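Input: a single structure, listed below in structure tokens.
The values are calculated or read from the model by the stated rules, or taken from the named source; none is laboratory data. Not measured: the values here are computed from a predicted model. Every residue, glycine among them, receives a Cβ derived from its backbone with ideal geometry; neighbour counts consider all protein chains shown.
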Amino acid sequence: MLTYFAYPQEYWVSLKTTNPIESIFATIKLRTNATRRIKSPRSALYLIFQLILRAQKRWRCINAPHLVTKVLDGVTFEDGIEVRTEKNNKTERNAA
């Protein structure tokens, strides 16, 4: 639960819901139950892949996409606000 605060505040809206995950699996379950004639694992995989491709067109974009690189680079956030540490400052000085 506390990991939630280690991400930028702009991401909190997306993080506090599991609806995107649940809606993907609900769509897949609905279609695979209706399609009883799946003959091979390969055709099932293809069907699931195509369903996810179509579902992603309706997904909402992430807030503050410019912060994705910071999160992936391991920048620390505390209560949703970026924390400047001495280590980060030294790295920036060395890079300059």
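Remark: pairs (first residue in segment 15-38, more than 27 Å from T3 (Cα to Cα); second residue at pLDDT 75 or above and not small (G, A, S); Cβ separation under 6 Å; 6+ apart in sequence or on different chains) = T27/L51; I28/I48; I28/L51; R31/L51. Among the conditions (1) assigned to a helix (DSSP H, G or I); (2) modelled with pLDDT of 80 or more; (3) surrounded by 10 or more Cβ atoms within 10 Å (Cβ to Cβ), the only one that V75 does not satisfy is (1).
Residues checked against (1) out of contact with any helix residue (DSSP H, G or I) (no Cβ under 9 Å at 6 or more places or on another chain); (2) small (G, A, S):
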residue: L45; (1), (2): yes, no
residue: A55; (1), (2): no, yes
residue: W59; (1), (2): no, no
residue: A64; (1), (2): no, yes
residue: K70; (1), (2): yes, no
residue: E82; (1), (2): no, no
